[in-house]
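Okay, structure first, notes after.
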Amino acid sequence: MAKYDLIVDGVAVSVETQSQSDTFSATVADRSYKVYAGGNGRFLVTAQGQRRVVAAVEHKGTSYVEIDSRLFEVREPSEDRFAGAGGEHAADKDKIFAPMPGRIVKIMVALGDTVELKQPMVIVEAMKMENQVNAKTKGKVKAINFAAGDQVDTDTPIIELESLES
């Protein structure tokens, strides 16, 4: 059995898989699925008596999965990508930046909260996708510079931490 932590449309999801002869089973949030490979990036997925044809394609390290005409972006969590550490902000472990310009959907911490490494901090919507931005260090929230609904860029920190790591 293999376990995976994935980001699906900006939301963390844990998946357990087990290979069988020509299929594999997957468990997501206590729901089990049987998956049959159909070739050319297509799969037949069954769960609770329902069957769905699922298409998947990978492009530049990101997988796109289409289920019932709905497209999902699936990525593996990486501290840099999901902590808002894009480009020049990679060294700013005590600041949380938007991964791309967008609108704040939800702030998941409050001033004075103590946060853990990789703890979800804020959700930013950009290009119709919700991106969860996680803490890059253990710390205490010392400033929240925006509120839900605010537009943000990639230059101004959304949240600032007082680092508790030595």
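Please go through the range 149-160 and give me each residue that is touching a strand residue (DSSP E or B) at 6+ places or on another chain (Cβ under 6 Å) and more than 14 Å from residue 133 (Cα to Cα), ordered by number.
150, 151
Identify all residues within the range 125-147 that are at pLDDT 95 or above and either in a loop (DSSP other than H, G, I, E, B) or closer than 20 Å to residue 11 by Cβ (or both); write none if there are none.
145, 146, 147
Output the residues belonging to the range 150-166 that are loosely packed, with under 12 Cβ neighbours inside 10 Å, in contact (Cβ under 8 Å) with a residue 40 or more places away in the chain and not acidic (Asp, Glu).
Answer for the range 150-166, where residues must be loosely packed, with under 12 Cβ neighbours inside 10 Å, in contact (Cβ under 8 Å) with a residue 40 or more places away in the chain and not acidic (Asp, Glu): 151, 156.
Going by the conditions given, is residue 97 modelled with pLDDT of 80 or more, surrounded by 14 or more Cβ atoms within 10 Å (Cβ to Cβ) and closer than 20 Å to residue 124 by Cβ?
Answer is yes for this residue.
Applying the selection to the range 14-50, what residues are under 30 Å from residue 119 (Cα atoms), loosely packed, with under 14 Cβ neighbours inside 10 Å and modelled with pLDDT of 80 or more? Step through it out loud before you land on a result.
Applying the first criterion (under 30 Å from residue 119 (Cα atoms)) to the range 14-50 yields 14-18, 25-33.
From the residues that got through so far, the ones that are loosely packed, with under 14 Cβ neighbours inside 10 Å too are 14, 16, 18, 29-32.
Scanning the range 14-50 gives 14, 16, 18, 31, 32.
For the range 110-124, name all the residues that are within 18 Å of residue 156 (Cα to Cα) and either surrounded by 17 or more Cβ atoms within 10 Å (Cβ to Cβ) or at pLDDT below 85 (or both).
121, 122, 123, 124, listed by residue number.
Taking interchain pairs and intrachain pairs at least six residues apart, which have beta carbon atoms under 7 angstrom, with the first residue in the range 50-71 and at positive phi and the second part of a strand (DSSP E or B)?
Listed pairs, sorted by first residue: 68/52.
Can you name the residue in the range 47-71 that is of a type in the set (D, E, K, R) and part of a strand (DSSP E or B) and, of all such residues, is farthest from the chain's Cα centre (by Cα)? Working first, answer last.
Here is the first cut: in the range 47-71, the residues of a type in the set (D, E, K, R) are 51-52, 58, 60, 66, 68, 70.
Cutting the leftovers down to part of a strand (DSSP E or B) gives us 51-52, 58, 66, 70.
On the way: 51: 26, 52: 24, 58: 16, 66: 17, 70: 17 Å.
Of everything passing the filter in the range 47-71, 51 is farthest from the chain's Cα centre (by Cα).
Inside the range 1-13, can you point out the residues that are loosely packed, with under 12 Cβ neighbours inside 10 Å and either among the polar types (S, T, N, Q) or in a strand (DSSP E or B) (or both)? Show your work before the answer.
Initially, the range 1-13 is screened for residues loosely packed, with under 12 Cβ neighbours inside 10 Å, giving 1-3, 5.
Matches in the range 1-13: 2, 3, 5.
Return the only residue of 85, 2 being within 30 Å of residue 137 (Cβ to Cβ) and at pLDDT below 80.
85
Could you please find all residues in the range 114-149 being more than 17 Å from the chain's Cα centre (by Cα) and under 20 Å from residue 94 (Cβ atoms)? Let's see the steps before the verdict.
As a first pass, look at the range 114-149 and keep what is more than 17 Å from the chain's Cα centre (by Cα): 114-115, 137-149.
Selection gives 114, 115, 137, 138, 139, 140, 141, 142, 143, 144, 145, 146.
The values are calculated or read from the model by the stated rules, or taken from the named source; none is laboratory data. A quick note: this is a predicted structure, and the numbers were derived from the prediction, not measured. Here the Cβ is made from the backbone with ideal geometry for all residues, glycine too, and neighbour counts use every protein chain on show.
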